[in-house]
Amino acid sequence: MPDIKQTINKYLINETDFLQFKDKMNEDQMRQFIDQVIVEVCNEQKIKLSKDEHAALIKGLVSDNISLGPLKVLMEDDTITEIMINGPKSIYVQRFGRIDKTDINFDSDQHLSHTMQKILHASGTNKRIDESSPYVDFSMTDGSRVNVIIPPLSQSGTVVTIRKFRDDINEVEDLIRLKELNQEIADLLIAGMKAKLNVVFCGSTGSGKTTAMNVFSKHIPSHERIVTIEDTAELRLQQDHVVSLTSRPANLEGKGEITMRDLFVNSLRMRPDRIIVGEVRGGEMLDLIESITSGHSGSLAIVHAETPEDCLSRMVTMTLMTGIPLSTEEIQRQVASAVDLIVHIELFMDGVRRVTCVSDIYLNEQTKKPELHNIFEFQQKEINEKGEVLGDWIKSKRKPSFYHKFEKRRVELPDGYFD
């Protein structure tokens, strides 16, 4: 089936005027056009397809080539990182950390709504958007994340936010080239993946947390079994032995919901070597802490937080939200015992995403309270005439509380890394 699909795709591009007219076709017209091409190619090459195979081929090709309408030019612009649609006549984009209004419009809210329905359908998700479910969060086939909210919840018509997936950041070297971190930070985090440190990436919306975690997760040994848990599929792990789980909303009758916590409980029965949580928002924080303390080291997670201190506070608060009968002090101790590193990332005014802190979290033996020690901290010096933020990372030479894990798993850092 994939070979036939590839053959017909080539035929569409090379032998027809499909590319010239596909953006002017509605879905039914595109379906009819592709149907006719499939028949022609099958007759010429004497290929026999069953009715089900024929229908599946049409559906797949339509999904692959479905038009983005006015959004196409924005999605193809690599300088744009985010698209914000506040109704059909108000479209903004983010470039290099700056938000500007575009001159691109939809014909009407119906046109915008219809385009979003097509994108949602093409994504292959089981989610929906309608009056009974007036907002949705999903990922496009290219990895871009989409949020849509419609009236009556939105007073501006259909409102859409698209965070584009960057396929040009795949290696640690890419992060260094973009000045998100330096080689010393990279060395520590790569070693941390190999030594099975429990790492939390934190920052505000759009700071690059998921991208950084995707990049460093590549250094998890390939023989390990990884289970990922997400609300919306964003993680792009490169290893072969990866099981990806995503939560499911309730159906029209309000039944069938599968939460992140449900998936977490099930994942522990799946013999994971690593558990990676796309974004922790609630009670699954307790499950993460318990899984780490019960032997599942090497877990990675994302938390929305403005600073490492806020991240620690949020982890404690989310655990308390479960109603577990433990004191705040006891939960603080458990969090400090479970989590090894907090990596905070921030989007600066010059549009550059930078790691601002790499913090060791540990329990102070005297006060019995969790404390943070910054192994690396970005210190801003000035902003030059071009608006570029100038500064450097200051490194602490003190051995972190988790250093014994490097020794235990024979993971080496560069000579003289810590005194």
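The values are calculated or read from the model by the stated rules, or taken from the named source; none is laboratory data. Since the model is a prediction, treat every value here as computed from it, not as a measurement. Heads up, the Cβs are rebuilt from the backbone with ideal geometry, glycines too, and the neighbour counts pull from every protein chain shown.
A few comments on the model shown:
- Scope the range 99-127; condition modelled with pLDDT under 85 and among the basic types (Lys, Arg); matching residues: 118, 127
- The number of residues in the range 142-183 being assigned to a loop (DSSP other than H, G, I, E, B), more than 13 Å from the chain's Cα centre (by Cα) and of a type in the set (Ser, Thr, Tyr) comes to 3.
- Subset of the range 184-217 [under 20 Å from the mean Cα position of the chain (by Cα) and β-branched (Val, Ile, Thr)]: 190, 199, 200, 205, 210, 211, 215
- Among the conditions (1) in a helix (DSSP H, G or I); (2) not assigned by TED's automatic domain parsing to the domain that holds residue 152, residue 47 misses just one, which is (1).
- Residue list for the range 284-339, restricted to those being closer than 18 Å to residue 262 by Cα, among the charged types (D, E, K, R) and surrounded by fewer than 22 Cβ atoms within 10 Å (Cβ to Cβ): 290
- Matching strands (runs of 3 or more DSSP E) fully within the range 303-409 where at least 3 residues are in contact with a Leu (Cβ under 9 Å, 6 or more places away or on another chain) and touching a residue at least 24 places away in the same chain (Cβ under 8 Å): 341-347, 353-363, 370-383
- Considering 319, 293, the condition of being within 23 Å of the chain's Cα centre (by Cα) and among the hydroxyl-bearing types (Ser, Thr, Tyr) is satisfied by 319 alone.
- Residue 133 vs. criteria in contact with a strand residue (DSSP E or B) (Cβ under 8 Å, 6 or more places away or on another chain) and of a type in the set (S, T, N, Q): no
- Number of positions in the range 240-258 that are surrounded by fewer than 16 Cβ atoms within 10 Å (Cβ to Cβ) and without any contact (Cβ under 8 Å) to a residue 24 or more places away in the chain: 11
- Among the residues making up the range 247-258, a single one is at pLDDT 85 or above and out of contact with any helix residue (DSSP H, G or I) (no Cβ under 8 Å at 6 or more places or on another chain): 258.
- Scanning the range 90-117 for residues that are within 22 Å of the chain's Cα centre (by Cα) and in contact (Cβ under 8 Å) with a residue 40 or more places away in the chain yields 94, 95, 96, 97, 98, 116.
- The requirement of being within 15 Å of the chain's Cα centre (by Cα), surrounded by 21 or more Cβ atoms within 10 Å (Cβ to Cβ) and in contact (Cβ under 8 Å) with a residue 12 or more places away in the chain is not satisfied by residue 220.
- Scanning the range 161-184 for residues that are of a type in the set (Val, Ile, Thr) and surrounded by fewer than 22 Cβ atoms within 10 Å (Cβ to Cβ) gives 161, 169, 172, 176.
- Residue 240 being in contact with a Pro (Cβ under 8 Å, 6 or more places away or on another chain) and among the acidic types (Asp, Glu): no
- The one condition in (1) closer than 30 Å to residue 343 by Cβ; (2) in contact (Cβ under 8 Å) with a residue 60 or more places away in the chain; (3) of a type in the set (A, V, I, L, M, F, W, C) that residue 169 fails to fulfil: (2)
- Restricting the range 130-140 to residues that are assigned to a loop (DSSP other than H, G, I, E, B) and free of Cβ contacts under 8 Å to residues at least 40 places away in the same chain, the residue that is farthest from residue 166 (Cα to Cα): 131
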